[in-house]
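Encoded as structure tokens, the structure appears first; notes follow it.
The values are calculated or read from the model by the stated rules, or taken from the named source; none is laboratory data. Keep in mind that this is a model prediction, so the values were computed, not measured. So basically every Cβ, Gly included, is an ideal-geometry build from the backbone, and we count neighbours across all protein chains shown. When the accessible area is computed, the model is the full protein with side chains, heavy atoms only, and any ligands, DNA or RNA have been set aside. Shrake-Rupley method; radii C 1.70, N 1.55, O 1.52, S 1.80 Å.
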Amino acid sequence: MKKIAYYFWGFALIFMVLGCEKDPKPNPLEIKPEQDERIVYITNEGNFGDKKGASLTIYYPKSGKIINDAFYRVNNETYLGDVAQSSSTFKDELYIVVNNSSWVQVVDPETIKFKASIFDYDLSPRYIEFLSPTKAYLSDLYANRISIFNPETKKIIGHVPLPKLEVKVKKRLKPVNVEQMVRYKDLVFGCWWSYGDKVVVINTTTDAVVDNIQVGYQPNSMVIDKNNKIWVLCDGGYPKLEKSKLQRLDPETRKIDFEVAFDDPKITLSELQIDGKGENIYFLVNGGFIKKNQEDPRFGVYKMNVDSEKYPDAPIIKEGNDMLFYGLGIDPKTSEIYIADAIDYQQKGVIYHYNASGGLIRDFKAGIIPGAFSFN
């Protein structure tokens, strides 16, 4: 159980360090990228419980410039925290969700200079869905609620209470915890990942759950396509309690209208992504969190057109021998592909940067357990 005193003093220390004007360190990110330069933000989780483990890597794909430990280097050697789960840009700000530190760090996306924190010692934050300039949803790993915060004030302004629902696989009631979310009209659809098998539907006007939809066991990621269909990946649990599934959900009827299920218990689906036009989905197929000793031709990055109902025959990028594909990102502007290899969860991981056709451009080292990507 997290203690109030621990987080009070930890949070106070951040402001003391970041607010200190004595002998400020030079900002290593004050470079002048070309006007059309892309910036890729890579969150490195670090190991759970390591308050110094999480970090941020900045990558400029045109020049090939890489800056590791960017948050630490810019902000007077202040650590990002414990488990950097995700990041996203909104209105010229970069939001970095740090799960086990119970905060979201907000920085300038070009200089990475600290601007504000969104903090609550009861939080275990995971993902953000921005609804307006003054309203955003923040999902939580453990609490059966979603926090609502104001991006302008950086203050938590309310919560969406989540119900207890019956889990089909285990036949008992469990509190819902929403993870990844997508928006459709005035509704937000959220994955109930941890031991769940539902997608919950939230009315963003009333901030109340209005429906829940039966999907596969442990939906871990979701996207919305150009046809306003929602794609959901379900990993089946670990150890496998149900088949892994790729499903397509119609948000109007709230029914599954397409599904592919996998009988092999060794197969795990994760990291569902979509390109900027909403035309192609991408996802990882592999053996989950365990690095394999030999190559499996089925494992790697898959690409599928959203208008097709034919599952792709082979990956466009294979997961080679002694690799562990852990994170996936698709540049919404260029459709270039980014893969994070966690290696052994102890040493610095590797980032593979591919063009849109799956040709390798370069690879480089990031931080420990690189897991998520976002783009300027």
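Mean separation of Cα pairs under 8 Å and 6+ residues apart, divided by the residue count of the chain: what relative contact order is that in percent? It rounds to 11 percent for the chain. How would the chain be classified by its alpha-carbon gyration tensor: rounded, prolate or oblate, with rounded meaning a/c under 1.5 and the a/b versus b/c comparison settling the rest? The shape class here is oblate. Along the charge dipole of the chain, which of Ala136, Gly278, Pro312 sits closest to the positive end, that is, farthest toward it, with unit charges on the beta carbon of Lys, Arg, Asp and Glu (+1, +1, -1, -1)? Comparing the listed Cα positions along the dipole, Ala136 ranks first. Rounded to the nearest 20, the Cβ-based charge dipole of the stretch 219-269 about its Cα centre (Lys and Arg +1, Asp and Glu -1) stands at 60 debye.
A simple charge model with +1 on the Cβ of Lys and Arg, -1 on the Cβ of Asp and Glu and nothing else charged puts the dipole of the stretch 134-187 at about 300 debye relative to its Cα centre. The shape of the stretch 233-376 comes out oblate: with a ≥ b ≥ c from the C-alpha gyration tensor, a/c is at least 1.5 while a/b does not beat b/c. If you take the square roots of the eigenvalues of the alpha-carbon gyration tensor of the stretch 292-376 and sort them as a ≥ b ≥ c, do you get rounded (a/c under 1.5), prolate (a/b over b/c) or oblate? The shape class here is oblate.
Computed from the C-beta positions of Asp264 and Asp211, the FRET efficiency with R₀ = 41 Å rounds to 0.80. Considering only Phe149, Phe71, Phe48, the mean-square fluctuation computed in a Gaussian network model of the chain, springs between alpha carbons under 10 angstrom, is largest for Phe48. Share of carbon and sulfur in the accessible area of the chain stands at 50%, probe radius 1.4 Å.
Surface exposure of the stretch 126-239, expressed per residue as accessible area with a 1.4 Å probe, stands at 39 Å². Which of Ser335, Ser244, Ser132 moves most in a GNM of the chain, Cα contacts under 10 Å? The residue with the greatest mean-square fluctuation here is Ser132.
In Å², and per residue, what accessible area does the stretch 269-376 have when probed at 1.4 Å with the other protein chains present? Kindly include the intermediate steps, with their values, before the conclusion.
Details: 4560 Å² over 108 residues.
In whole numbers, the stretch 269-376 has 42 Å² accessible per residue.
With only Lys, Arg, Asp and Glu charged, each at its Cβ (+1 for the first two, -1 for the last two), find how big the charge dipole of the chain is about the Cα centre; round to the nearest 20 debye. Write down the numbers at each step before the final one.
Working: 48 positive and 50 negative charges, 159 e Å.
In debye, rounded to 20, the chain gives about 760.
Per residue, the stretch 40-86 exposes 33 Å² of accessible surface when a 1.4 Å probe is rolled over the protein heavy atoms with every protein chain present. Applying a threshold of 26 Å to the alpha-carbon distances of Lys198/Lys229; Lys154/Lys174; Lys51/Lys198; Lys51/Lys164; Lys155/Lys245 flags Lys154/Lys174; Lys51/Lys198; Lys51/Lys164; Lys155/Lys245 as lying beyond it.
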